[in-house]
Amino acid sequence: QVQLVESGGGLVQPGGSLRLSCAVYGSIYSIYAMAWYRQAPGKERELIARIDSGGEINYADTVKGRFTISRNNVKTMVYLQMNNLKSEDTAVYYCNSQHQAGSSWGQGTQVTVSS
């Protein structure tokens, strides 16, 4: 079992920055990839950043160059640094783990980009 808890969302002005955190609990050894997704109102949930157990990282084109995914050395925390935020980044952001037993999701954290 893997449990995920996100934090760090909020309201930010366009051009601003936020850092999201995801605390990972449970069977950490079974995880082979961690990812951040987001879902805007009326839209499907989309994958925006992923890091696998070997450290390989991939980003969606919509956030490449602005967002950075990272983790701590013991893999109990995953972060999403978001810079130069735009109004279209407004969404609920979810942490996701892919592990031997399947997939786990956090509860989501709201990010609103508005002046």
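The values are calculated or read from the model by the stated rules, or taken from the named source; none is laboratory data. No experiment lies behind these values; they were computed from the predicted model shown. Every residue, glycine among them, receives a Cβ derived from its backbone with ideal geometry; neighbour counts consider all protein chains shown. Accessible surface is based on the protein model in full, side chains and every heavy atom, while ligands, DNA and RNA are left aside. Shrake-Rupley method; radii C 1.70, N 1.55, O 1.52, S 1.80 Å.
Structural remarks
- Neighbours of Met77, meaning other residues whose beta-carbon lies under 14 angstrom from its beta-carbon, give a summed charge of +2 when Lys and Arg score +1 and Asp and Glu score -1.
- Within the shell defined by Cβ-Cβ distances under 13 Å, the residues around Leu18 carry a net charge of +2, with Lys and Arg each +1 and Asp and Glu each -1.
- Charge context of Thr62, other residues only, Cβ under 12 angstrom, K/R +1, D/E -1: +1
- Whole-percent carbon and sulfur share, accessible surface of the chain, 1.4 Å: 47
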